[in-house]
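Accompanying notes for the structure given below.
The values are calculated or read from the model by the stated rules, or taken from the named source; none is laboratory data. The structure displayed is predicted, hence computed values, not measured ones. Methodologically, a virtual Cβ is constructed for each residue, glycine included, from the backbone with ideal geometry; neighbour enumeration extends over all protein chains shown. Note: accessible area is taken over every heavy atom of the protein model, side chains too, but ligands, DNA and RNA are not part of it. Shrake-Rupley method; radii C 1.70, N 1.55, O 1.52, S 1.80 Å.
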Amino acid sequence: MSDLWTVAPLSVGHPESAALLRAYYEDIVSRYHGRPVTDAEIDRVLAEEPSDDLTAPTGHFLVGWFGGRPAGCVGLRVLDPATAELTRLFVRPGARGTGGGGRLLAAAERAAREVIGARAIRLDTRGDLVEARALYVRHGYAEIPDYNGSQYADHWFEKSLVRPG
């Protein structure tokens, strides 16, 4: 089913990107609190955690379409000239289990290497996001010590983007 996915750059300010980011925060914030979140809570987190830097020269943003509909997203942030940070990886619940997470992750790694020029990619995630952690490990990410002091992170990962040979 992953062949039904198309991933391409899209401005973080585009309405499809904005809708996906809103859905991303609705999902992770409701999971964090163990209850549905209000629109006001989503608005607050969108203001507290802006995504404006996920555009050149400080980052990059990708959207995934499943069967022609926007169904996922992923962002990259430049940490330093050799390192990118993966952020906002999200697949809508109705498209989960279709290979979209792997497609988005592969596209982000390619963009980190080819667009940003990174030699490594890092990320942080929460302990309750079990499927995300499994995805990262499956794709060659290794757990590392805390690199950013994020109050919401429990796990930090890194992967080299340098191809052997």
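Numerical summary
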item	result
Extreme residue, farthest from Glu48 (Cα to Cα), among residues of the range 119-161 that are of a type in the set (A, V, I, L, M, F, W, C) and over 16 Å from the mean Cα position of the chain (by Cα)	Leu161
Subset of the range 1-31 that is open to solvent by 60 Å² or more (accessible area, probe 1.4 Å), of a type outside the set (Asp, Glu) and in a helix (DSSP H, G or I) - its residue that is nearest to Arg133 (Cα to Cα)	Arg31
Near pairs, Cβ below 7 angstrom, 6+ apart or cross-chain, from the range 146-165 (of a type in the set (A, V, I, L, M)) to any residue that is outside any loop (DSSP other than H, G, I, E, B)	Ala153/Asp124; Ala153/Thr125; Leu161/Glu109; Leu161/Ala112; Leu161/Arg113; Leu161/Ala120; Leu161/Ile121
Odd one out for Ala56, checked against (1) touching a Phe, Trp or Tyr at 6+ places or on another chain (Cβ under 6 Å); (2) open to solvent by 60 Å² or more (accessible area, probe 1.4 Å)	(1)
Only listed residue being at pLDDT below 95, farther than 25 Å from Tyr152 by Cα and open to solvent by 40 Å² or more (accessible area, probe 1.4 Å), chosen from Gly67, Gly34	Gly67
Matching option when the condition is under 27 Å from His14 (Cα atoms), open to solvent by 30 Å² or more (accessible area, probe 1.4 Å) and either touching a Ser or Thr at 6+ places or on another chain (Cβ under 6 Å) or not in a loop (DSSP other than H, G, I, E, B) (or both), among Leu104, Leu89	Leu89
All positions within the range 70-86 that are surrounded by fewer than 22 Cβ atoms within 10 Å (Cβ to Cβ) and touching a helix residue (DSSP H, G or I) at 6+ places or on another chain (Cβ under 7 Å)	Pro70, Val78
Residue that is farthest from Leu104 (Cα to Cα), among those in the range 37-53 that are open to solvent by less than 50 Å² (accessible area, probe 1.4 Å) and not in a loop (DSSP other than H, G, I, E, B)	Glu41
